[in-house]
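The values are calculated or read from the model by the stated rules, or taken from the named source; none is laboratory data. Predicted, not measured: the structure shown is a model, and the values here were computed from it. All Cβ positions, even for glycine, are placed from backbone atoms using ideal geometry, and neighbour counts span all protein chains on display. Only protein heavy atoms, including side chains, enter the accessible area calculation; ligands, DNA and RNA are left aside. Shrake-Rupley method; radii C 1.70, N 1.55, O 1.52, S 1.80 Å.
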Amino acid sequence: MPTMKEKLLKVQKIINGEKEDEFKNKCYGQYLSGDVTFTFGSESYTMTFLKGALIEVMDGVNLTGIEMGVIGPQEGWQELYAHKNFSRAIGPMHGKLRLQGNMVKCMGNLNPLGYIARVLCGVV
């Protein structure tokens, strides 16, 4: 079974490859520059973007801290993988996942964050 880092590296190939045009142009990914941290239970992984290109996937959190991302228990991620609805997964009424880091950056990049999460659902 592949590790979460291997799954995120596959997400990197998809976003930089077959889904690049859709991510950058339809989901406003072209404006995404910075670090996006996904925390799965107690494990964190940081993806570094530059103008919509995913240039690095690393274990843990950058030394500069969490810029933006999504955090939640494994149960919350499993629910997202099942229903594939990002808005529901982060919603306070039904979801167990939460945005983390700078909320202004999170909300400004909500479309790209949701797209990344949906691609991740397809990989898992």
Report task. Show the residue pairs that are 6+ apart or on different chains and have beta-carbon atoms under 6 Å apart, the first residue being within the stretch 23-48 and in contact (Cβ under 8 Å) with a residue 40 or more places away in the chain, the second being open to solvent by 30 Å² or more (accessible area, probe 1.4 Å) and of a type in the set (A, V, I, L, M). Result -> 37/61; 37/66; 39/71
Query - Residue satisfying all of: in the stretch 39-88; within 20 Å of residue 105 (Cα to Cα) and either in contact with a Pro (Cβ under 6 Å, 6 or more places away or on another chain) or hydroxyl-bearing (Ser, Thr, Tyr) (or both); most open to solvent (accessible area, probe 1.4 Å) among these - result: 64
Report task. Evaluate the stretch 78-89: report whether one residue or more is more than 11 Å from the chain's Cα centre (by Cα), under 18 Å from residue 7 (Cβ atoms), among the polar types (S, T, N, Q) and at pLDDT below 95. Result -> yes
Report summary line: Of those in the stretch 19-35 that are at pLDDT 95 or above and closer than 16 Å to residue 121 by Cβ, the residue nearest to the chain's Cα centre (by Cα) is 23
**Report entry** Restricting the stretch 15-38 to residues that are assigned to a helix (DSSP H, G or I) and open to solvent by less than 30 Å² (accessible area, probe 1.4 Å), the residue that is nearest to residue 78 (Cα to Cα)
**Finding:** 15
Query raised in the report: If you go through the stretch 50-77, how many residues are of a type in the set (D, E, K, R) and over 14 Å from the mean Cα position of the chain (by Cα)?
Result: 2
Query raised in the report: For the stretch 1-14, which residues satisfy the criterion of being closer than 10 Å to residue 120 by Cβ and open to solvent by less than 60 Å² (accessible area, probe 1.4 Å)?
Result: 4, 7, 8, 11, 14
